[in-house]
Amino acid sequence: MSAKDQVSVRDHKDYQREVERLEFTKEYIRTVLEISKGNKEFFVENMKQAFADLDNQDSSASYTDLLANASFLELAESELKRLESVIGKPYFSRIDFTNDSSKSEEILYIGKVSLFDRVTQQPIIVDWRSPIANVYYDGRLGEVSYEAYGETQTGYLSLKRQYEIIDGLLKDIRDIDLTTHDELLQKSLSGKADNRLTEIVATIQNEQNEVIRASLKHPIIVQGAAGSGKTTIALHRISYFLYSFGYQFPPEKLMILAPNRLFIDYISAVLPELGVNKINQTTFIDFMKSCLGQKIRLFSPNGKLMKLLEGKGKSKSMQWVSSYKGSLEFKEVIYSYIKELEYKLAPREDFIVEKSILMKGKKLNRLFLQEYTYLPIYKRIGKIKSLLEDDLKKKKSIMLSKLNTKYDDALEKILYSRRLQSEKRQHKVVDLMDMKDQRKAKVEKESKTAVKKYMEPFVMKDIFTLYKELMSSPERIKEHSTTLSDQECKVLSKFCQRIFDKNAFELEDLAPLFYMKAKLEGIDEKYKMRSIFIDEAQDYSYFQFAALKEGFETDLFTIVGDLAQGIHSYRGLNSWAPVLKEIFPNANYQALQKSYRTTVEIMNLANDILKLFDQDLPKVEPVIRHGQKPLFKTIDPVNPKQVRLQLEQDIASLKEEELHSIAIIGRTDRECQRIHQIVEKSHLPIQLLEEKQDMKKGHVVIVPSYLSKGLEFDAVLIVCLEEPYTNVELDIKLLYVSMTRPMHRLYLYGKDPSDFLLNRADSLHFVS
Ligand SMILES: Nc1ncnc2c1ncn2[C@@H]1O[C@H](COP(=O)(O)OP(=O)(O)OP(=O)(O)O)[C@@H](O)[C@H]1O
């Protein structure tokens with residue numbers, strides 16, 4: 001901070017008062033921390049005592065004590081951690097608000113945690129997620145309103161003030177009025193790529209706030225341009241969700257589905273800062289692998305993308321199969337197949353034990369096909385089995401006593417019958433008694449096996465076998481499809497067969513398998529999520545969304561993505577309309593066009609590239625922040641030394657400018673290996689990044705374009721040695737993704753500007 005800045009903050013009319021307030025807050029936090037630590041010691045003492053009291057005779061009371069104290073301890077510790085983490089910056093803004101009903105003005109300081117005066121219960125810090133804090137994000141000065149617990153509160157906002165507090169010292173105060181430019185945002189955006197995701201609670205913009213706070217009881221779909229804050233918003237919405245519904249949903253029931261493990265690593269540092277712990281962070285594939293409960297061998301999903309990029313194989317039929325398998329039409333085929341299985345499995349026979357019909361087949365059939373439909377099909381079989389077992393248990397003694405009565409009555413009749421001679425009577429009596437014994441023995445015997453025998457025909461094949469049986473047979477597919485031609489069924493089946501022959505599946509098979517599991521076996525409670533957050537959702541297929549929704553039996557989804565970055569659109573998704581219409585008709589939809597990541601200059605060039613792709617995608621509007629124009633540099637790929645020296649030199653000067661997070665992006669894995677071969681001899685720390693690796697700190701990473709999606713760097717160097725980007729959809733998208741990764745600097749290295757389609761861009765948008 002310069003001396004001039006110091007002077008300007010001190011010049012603020014409320015400087016002294018604000019410093020006092022900050023000191024008071026810090027002091028209060030310190031006191032609370034001390035008390036909490038004291039409490040902790042107190043609880044630890046209590047626990048020690050409870051352990052000592054734990055004896056064999058009467059452990060129950062001590063044990064309850066122990067548990068009670070343990071949970072208090074946990075509370076104290078989490079409170080402690082949260083408070084400790086904010087002491088250097090207890091709040092970031094203030095609002096002065098007069099509620100219309102109370103008429104008294106409240107001065108509220110907004111921060112990442114809430115803190116109350118333990119005596120007066122007045123807020124010292126208000127949590128950014130609380131209802132009233134919405135006024136800070138949403139409201140202009142003047143008349144404002146916010147929703148709290150189902151009611152609308154109205155009032156007057158007379159002050160909106162931002163603070164810059166570093167290490168507990170007040171560095172800046174900015175009052176926001178109608179015309180004030182959001183300086184804090186500008187400052188935050190010009191920062192470096194190390195810790196930016198964490199810092200946005202202070203600068204969340206109105207349109208982003210609307211997504212974060214959109215009804216948590218409805219799904220939301222966000223189409224957001226590259227750098228519009230989708231990931232950031234999704235993470236903040238999770239935090240908001242837990243704040244609002246945490247008492248109903250434990251964090252273990254929330255899940256983020258990220259595109260790859262690299263990305264999880266990238267976001268995982270942020271969540272604890274937002275007070276989010278223990279939530280599931282995984283990829284669709286990893287989740288499916290554990291949920292489907294069998295060791296599935298899966299073809300690499302990026303292998304297909306590489307084949308398409310390399311123009312290898314029968315790419316047309318491959319694309320068609322991929323998109324078909326991701327379609328809702330295919331879901332209908334699977335549904336019809338499941339219906340057939342259900343019909344075939346439905347019981348029809350009477351349940352008979354020793355000539356008695358204990359339960360009519362018709363009744364069992366009705367139970368299975370109508371009453372028990374709330375259960376997955378195989379669970380219904382289990383239910384029928386236990387129903388028969390219970391029924392048999394109850395009816396067996398009735399059957400036995402009925403037999404007793406029947407034969408005893410007959411015996412009585414014979415014994416008192418005068419018409420029979422005594423010898424004959426004796427024979428009859430013996431016969432009857434034998435028969436009675438035999439039938440009773442038969443009841444006993446049949447009872448032991450009756451249910452088992454009845455259930456024998458109900459063969460519950462596993463979903464993998466069933467799926468393979470369907471997909472290996474064009475005739476079967478045809479039976480269940482109303483749209484596919486014979487030829488298409490053959491192509492589809494042959495494609496699947498080739499995969500099954502290798503004892504494997506592909507990514508596109510996971511949605512149908514999960515759907516079948518949900519309908520036939522049911523999803524294990526442990527995997528049943530209550531709220532799901534999907535990032536990079538443009539890479540999902542319609543079937544994936546539908547399967548997840550039906551499998552989890554919830555529509556609490558937050559889905560964020562960007563169709564312009566849909567490099568896997570061959571799998572299916574190329575519009576949100578069917579997702580909104582067919583899968584989440586309840587969903588709110590929001591589009592975010594503003595990009596916060598990168599400079600106007602970089603975005604101008606990226607927009608030129610996006611325009612080449614003839615889908616109606618609106619231009620991305622960068623938040624006004626200027627920087628250098630993208631630079632095209634000519635290299636000679638056959639002269640590796642020249643390429644290496646050029647890259648080394650540029651990286652060194654970027655580092656001198658404190659731009660430390662740097663990525664070299666190549667079109668494919670293969671291109672990245674070529675680049676690596678050239679630069680590995682360099683003295684610079686370089687990492688050739690693979691999907692399952694963590695990014696090493698301080699290294700320049702070489703990353704293929706498809707894997708760079710979702711990541712960001714201070715500077716990006718896109719290098720083309722042997723693989724120029726061509727004017728086709730997939731290449732355009734990959735180039736666009738790569739170009740939108742840098743925050744500050746973009747360099748392009750190739751033989752000719754046309755390697756990056758720059759011959760089709762506005763020549764004013766780059767320097768060559
Ligand atoms: N309101 C904001 N205040 C400060 N920084 C912001 C804000 N919104 C977004 N950013 C920053 O902009 C960058 C892009 O955000 P994020 O990665 O969430 O965007 P995205 O839409 O997921 O991008 P992409 O689709 O390209 O992956 C991040 O550095 C983030 O911190």
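The values are calculated or read from the model by the stated rules, or taken from the named source; none is laboratory data. Here the structure is a predicted model, which means the values were calculated and not measured. Here the Cβ is made from the backbone with ideal geometry for all residues, glycine too, and neighbour counts use every protein chain on show.
With modelled with pLDDT of 90 or more and surrounded by fewer than 16 Cβ atoms within 10 Å (Cβ to Cβ) as the only criterion, which of E456, E412 stands out? If you could, list the steps in order and put the result at the bottom.
On the way: E412 fails: modelled with pLDDT of 90 or more.
Testing whether each residue is modelled with pLDDT of 90 or more and surrounded by fewer than 16 Cβ atoms within 10 Å (Cβ to Cβ) leaves just E456.
Restricting the search to the range 199-256, which residues are of a type in the set (D, E, K, R) and either over 24 Å from P585 (Cβ atoms) or away from the ligand (no atom under 11 Å from the Cβ) (or both)?
Step one: of the range 199-256, the residues of a type in the set (D, E, K, R) are 199, 207, 210, 213, 217, 230, 237, 252-253.
E199, E210, R213, K217, R237, E252, K253 - these are the residues of the range 199-256 that are of a type in the set (D, E, K, R) and either over 24 Å from P585 (Cβ atoms) or away from the ligand (no atom under 11 Å from the Cβ) (or both).
Give me a count of the residues in the range 252-274 that are touching a residue at least 24 places away in the same chain (Cβ under 8 Å) and either of a type in the set (K, R) or out of contact with any helix residue (DSSP H, G or I) (no Cβ under 6 Å at 6 or more places or on another chain) (or both). Quick ask: steps written out before the conclusion?
Residues of the range 252-274 touching a residue at least 24 places away in the same chain (Cβ under 8 Å): 252-263, 265-267, 269-271, 273-274.
Filter again for either of a type in the set (K, R) or out of contact with any helix residue (DSSP H, G or I) (no Cβ under 6 Å at 6 or more places or on another chain) (or both), leaving 252-256, 259-263, 265-267, 269, 271.
Here the count works out to 15.
Screening L305 on (1) among the aliphatic types (A, V, I, L, M); (2) part of a helix (DSSP H, G or I); (3) at pLDDT below 95; (4) within 22 Å of Y454 (Cα to Cα) shows it passes everything except condition (4).
Scan the range 278-315 for residues that are without any contact (Cβ under 8 Å) to a residue 60 or more places away in the chain and within 30 Å of K81 (Cβ to Cβ) and jot them down. Passing the criteria: K278, I279, Q281, T282, T283, D286. For R625, the conditions (1) among the charged types (D, E, K, R); (2) part of a loop (DSSP other than H, G, I, E, B); (3) out of contact with any Ser or Thr (no Cβ under 9 Å at 6 or more places or on another chain) are fulfilled apart from (3).
I'd like to know if the range 230-245 contains one or more residues that are more than 20 Å from D265 (Cβ to Cβ) and in a loop (DSSP other than H, G, I, E, B). Don't jump to the end; show me each part of the working.
Applying the first criterion (more than 20 Å from D265 (Cβ to Cβ)) to the range 230-245 yields 237, 240-245.
If we keep only those that are in a loop (DSSP other than H, G, I, E, B) as well, we get none.
No; the residues of the range 230-245 include none that is more than 20 Å from D265 (Cβ to Cβ) and in a loop (DSSP other than H, G, I, E, B).
Against the list (1) away from the ligand (no atom under 16 Å from the Cβ); (2) under 29 Å from the mean Cα position of the chain (by Cα); (3) over 23 Å from D636 (Cα atoms), the condition K733 fails is (1). Of everything in the range 340-372, what is among the aromatic types (F, W, Y) and either at pLDDT 95 or above or farther than 22 Å from S397 by Cα (or both)? Give them in sequence order. Correct list: Y343, F368, Y372. A single member of G150, G224, G229, G191 is farther than 22 Å from H744 by Cβ and either of a type in the set (G, A, S) or modelled with pLDDT of 90 or more (or both), and it is G150. Taken together, the residues in the range 548-563 that are buried (at least 24 other Cβ atoms within 10 Å of the Cβ) and of a type outside the set (F, W, Y) amount to 5. The selection criterion, being surrounded by fewer than 18 Cβ atoms within 10 Å (Cβ to Cβ) and either within 37 Å of the chain's Cα centre (by Cα) or modelled with pLDDT of 90 or more (or both), holds for P618.
Taking each residue of the range 676-703 that is within 20 Å of D714 (Cβ to Cβ) and looking for partners that are small (G, A, S) and surrounded by fewer than 16 Cβ atoms within 10 Å (Cβ to Cβ) with beta-carbon atoms closer than 9 Å, six or more apart or interchain, yields L684/A652; P685/G698; V700/S682. The combined condition, being within 16 Å of the ligand (Cβ to nearest atom) and in contact with a Lys or Arg (Cβ under 8 Å, 6 or more places away or on another chain), is fulfilled by F713. Would you mind telling me which numbered condition in (1) at pLDDT 95 or above; (2) in a helix (DSSP H, G or I) K633 fails? (2) is the only condition that K633 fails.
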